[in-house]
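*Asks:* The structure follows.
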Amino acid sequence: MSATTVPASPEAIERAAQLLRAGELVAFPTETVYGLGANAMSERSVAAIFSAKGRPRFNPLIVHVPGLAAAEALAEFDARARRIAAQFWPGPLTLVLRRRSDSGLSLLASAGLDTVAIRAPAHPVAQALLRVSERPVAAPSANRSGRVSPTEAAHVAEELGEQVALILDGGPTPVGLESTVLDLSDETPALLRPGAVTLEHLTELLGLIAAPASGRPKAPGMLASHYAPALPVRLAATQARPGEALWLSCSGDLAEAAANLFAMLRRLDRPSFTGIAVMPIPEHGLGRAINDRLRHAAAPREVGEICFPAPSTPTK
């Protein structure tokens, strides 16, 4: 049986909060993508996320809180972390920090690491749900593990409907890419995943920012294959052959391209096509985050002569 999808009214948010407190899974919108939420203080509830998604248990989850005060009860904040949180929270930025020993968080949410990935989302529905539920919510993207992230409630119902007690419909997500992940658990900051809070933004405040170190992932989105449609993806399609371009933004607007990315991958991921080809995206600012998702989506595929029939009108 599929989950009930309801508009995110105050009454529906109250119902969703009750379900979270009871240990159920609830899908809800953030400004980035739709999240699959569970009580982050409950090992059983967090385990249900991994089961529903088919997610490897070594891949940590992001814990969502309303703001800095709630986050400081769960993680160790230094001056850098407070400065960054003050600048970008609520917003599409996740901080990886040392987990407080008295946090009460599920260890499974951190995949057994001594760190926790934590953020305060800006979406009003997410904020309302966190405040009404009165507990931190572990919430990866609400899709099957490794698949294309959901930016609409219908995407969640399509993939995980039978696994979710309730889906709060807050409309399309405005950013459309998962949050930036910044690791501040060591002396040198490291960018684990690019996003709408760009490397340029962070460098202005922190100076040198390192690339991720090898080893176990400290945050989501670090596995080689991720965000992948069923069809193979071909990158850097520089010549406009018939059907070889995925038009993310006809105007070249990177924000528009980011917001459209996952929805367009889903739209083109159907049996009438043989593959998805993507034109080059500039490797700066938000383009860095778009390219990161596309490289992960293309990772398991053979790069070759893959194309799909052209749509009758350009996809914006």
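Table: residues versus (1) of a type in the set (Val, Ile, Thr); (2) within 24 Å of LEU268 (Cα to Cα); (3) under 18 Å from the mean Cα position of the chain (by Cα).
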| position | (1), (2), (3) |
| --- | --- |
| ARG147 | no, yes, yes |
| THR151 | yes, yes, yes |
| GLU159 | no, yes, yes |
| GLN163 | no, no, no |
| GLY176 | no, yes, yes |
| LEU192 | no, no, yes |
| GLY195 | no, yes, yes |
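*Asks:* Within segment 136-145, can one find any residue that is modelled with pLDDT under 95 and touching a Phe, Trp or Tyr at 6+ places or on another chain (Cβ under 9 Å)?
*Replies:* Yes, segment 136-145 has at least one match.
*Asks:* Of everything in segment 1-18 that's farther than 17 Å from GLY171 by Cα, in contact with a helix residue (DSSP H, G or I) (Cβ under 9 Å, 6 or more places away or on another chain) and assigned to a helix (DSSP H, G or I), which residue is most open to solvent (accessible area, probe 1.4 Å)?
*Replies:* Residue satisfying both the conditions and the ranking: GLN18.
*Asks:* If you don't mind, another one. Would you check which residues across segment 261-303 are assigned to a loop (DSSP other than H, G, I, E, B) and in contact with a Gly (Cβ under 6 Å, 6 or more places away or on another chain) and list them?
*Replies:* ILE281
*Asks:* Could you check ALA27 against (1) buried (at least 21 other Cβ atoms within 10 Å of the Cβ); (2) without any contact (Cβ under 8 Å) to a residue 60 or more places away in the chain and say which number it fails?
*Replies:* It is condition (2) that ALA27 fails.
*Asks:* Moving on to the next point. From the list ALA71, ALA86, ALA47, which one is crowded, with 23+ Cβ neighbours inside 10 Å and assigned to a helix (DSSP H, G or I)?
*Replies:* Being crowded, with 23+ Cβ neighbours inside 10 Å and assigned to a helix (DSSP H, G or I) holds for just one of ALA71, ALA86, ALA47, which is ALA71.
*Asks:* Filter segment 155-171 down to the residues that are acidic (Asp, Glu) and touching a residue at least 24 places away in the same chain (Cβ under 8 Å), then identify the one that is surrounded by the fewest Cβ atoms within 10 Å (Cβ to Cβ).
*Replies:* Within segment 155-171, the match that is surrounded by the fewest Cβ atoms within 10 Å (Cβ to Cβ) is GLU162.
Residue by residue, here is whether (1) open to solvent by less than 10 Å² (accessible area, probe 1.4 Å); (2) more than 27 Å from ALA81 (Cα to Cα); (3) in contact with a Gly (Cβ under 7 Å, 6 or more places away or on another chain) holds:
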position	(1), (2), (3)
ALA109	yes, no, no
VAL116	yes, no, no
ARG119	yes, no, no
GLN127	no, no, no
LEU130	yes, no, no
VAL137	yes, no, yes
ASN143	yes, yes, no
VAL148	yes, yes, no
ALA153	yes, yes, no
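The values are calculated or read from the model by the stated rules, or taken from the named source; none is laboratory data. Computed from a prediction, not measured in an experiment: that's the story for all the values here. Glycine gets a Cβ as well: all are built from the backbone with ideal geometry, and neighbour counts include every protein chain shown. Protein only, heavy atoms only, side chains kept; ligands, DNA and RNA dropped before computing areas. Shrake-Rupley method; radii C 1.70, N 1.55, O 1.52, S 1.80 Å.
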